[in-house]
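Input: a single structure, listed below in structure tokens.
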Amino acid sequence: MLKARGFKLIKGGKAIGENNYSFESAIATKTRLMGVVALKLLWRDRLTQEYLAQWFMLDAEEHGIYDYISVYTKNINETNKYTQQFMGSLGGDIVNLTEKEATYLINHYKKMNVIYNKEIPRENEFRFLIKHEVLLNEEELLNLQDKIYEEIESPIQLINFFMMRLVTKDREAMARYANEETVDYLLSLSLVEKAASLLKNKSTIIDRVDSKYVYSVEGLVDAQNNYFIVKLEVEVKRIVNNFRINNSIFIGKDAIGPEEVAERIKTQEHISLYKILTDVDKFKESVQQLKDNSLQYQFLQGLMFVEFRKNNDHVQKQDYHMGGDIKAIYFINNFKEFIVCYYDMKDFEDIYNNFLAYLDIRLEKQKEVALNGSIIYQYAEMQQLDFNSYLEEVLDNTNID
């Protein structure tokens, strides 16, 4: 949940009159194919001249309007960092919307809340946006889709996105990139009962003729803790600079156990352990200032900062995995230890130059290791234990010196 420190939060249940505000702007994330779009609307009170900022999290995966928060402020620039916190983790470009486009999206996703029987968060505060239906003609709808859907740059990227949308039963998104017959065929397979998650996907090209590419596709799916591998043959056709799913053939579906899943999704985690040499509270403040765009999570062990990539280029990879959008994780525990985790050696230079270098004099390096698996998350959810002791146990168990 977005925390708006220093702002006057609108109290839950307070209705906002539609005649009190004039529209200023609307922005959204270009992340529709990731399943979630973040939206921000900015209004101005005609009487007080205060700004009203509203943020919506719109979830196409059997949910609808998933999260909402709003604040009043007299300084428009003060909302920027909270906008980044709300939108930045999605990794997409930010696009401008018209008032009509933004209102249409809110109404469109509200219908999903009704269909899937999901409560609309703090509905009373934006009832003025949803009490009248908003319709877009075909041209307006296509223009809106062009704004919020990612640009498709390669067959691999399209297949990865398409597989994500398939296992969430997202017909709307699938229909943008495939003909109706193909969409109907794939959804008729009933691969999942409810929206599922694509943990990994691997696409291997097996044929190419002119502008047609044929791939063998193998996706690892988490359907509410029931895991399976789905195998498809997918044909992608290039039309000028656009790619479309031209055809698909179902090859098979094999159930697998959680142990095998855990083995398949393991990624190498580079871990650096530091001792904090200064006051921990002041050190936390420094990290919060330097990483104010990261998501923060409080655990019994300490405070975690998750830094996401500024784009979703991991979807371009032949071997796609869900966690590829995380750039680094930083953890300050209760034992004056600072833990830095990253997943690609190419990222370390940037992490050091633009972050660690500003903290260097307050840190003493203790250890540096690379391990397979999500060590930092396992540690964060444990009872209190210093990380150095925990790391020694892990190293002993894996026979790594």
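We did not get these values from a lab; they are worked out from the coordinates using the rules stated. Just so it is clear, the structure is predicted and the values come from calculations on it, not from any experiment. Here Cβ is always computed from backbone atoms with ideal geometry, including for glycine, and neighbour counts include all displayed protein chains.
Placing unit charges on each Cβ (+1 for Lys and Arg, -1 for Asp and Glu) gives region 155-262 a dipole about its Cα centre, and among VAL261, ALA223, TYR177 the Cα reaching farthest toward its positive end belongs to TYR177. The phi-based Karplus calculation (6.51 cos²θ - 1.76 cosθ + 1.60; θ = phi - 60°) puts the 3J(HN,Hα) values of region 212-229 at 10, 10, 10, 10, 8, 10, 10, x, 9, 10, 10, 9, 6, 6, 10, 9, 8, 10 Hz, whole numbers, x for Gly and Pro.
Each of THR278, THR103, THR73 was scored by other Cβ atoms within 10 Å of its Cβ. Listed from fewest to most, they are THR278, THR73, THR103. Loop-located trypsin sites (Lys or Arg not before Pro) in region 109-173 (DSSP state not H, G, I, E or B) with no more than 12 neighbouring Cβ atoms inside 10 Å: LYS131. Charging the Cβ of each Asp and Glu at -1 and of each Lys and Arg at +1, and nothing else, the dipole of region 8-148 about its Cα centre rounds to 540 debye. Spatially close Lys pairs in region 8-148, defined by Cα atoms under 13 Å apart and a spacing of eight or more places or different chains, total 7.
When LEU144, LEU300, LEU356 are sorted by how many other C-beta atoms sit within 10 angstrom of their C-beta, beginning with the fewest, the order is LEU300, LEU356, LEU144.
What is the distance in Å between the Cα centres of region 140-168 and region 249-284? That distance is 27 Å. Taking a straight Cα-Cα cut-off under 17 Å and skipping sequence neighbours fewer than 8 places away in the same chain, the aspartates and glutamates within cross-link reach of LYS212 are GLU153, GLU233, GLU235. What net charge do the residues around VAL340 carry, taking every other residue with its C-beta under 14 Å from that of VAL340, with Lys and Arg at +1 and Asp and Glu at -1? Local charge sum for VAL340: -4. Averaging the Cα positions of each part gives two centres, and for region 200-219 and region 295-313 these lie 34 Å apart.
Label separation (MET322 vs ASP93): 2.8 nm, computed from points 7 Å beyond Cα along the C-beta direction.
Global dimensions of region 155-262 from alpha-carbon coordinates: Rg and Dmax equal 13.5, 44 Å. Could you state, as a whole-number percent, how many of the C-alpha pairs of the chain are farther apart than 32 Å? Looking at the chain, the distances longer than 32 Å represent 45 percent of pairs.
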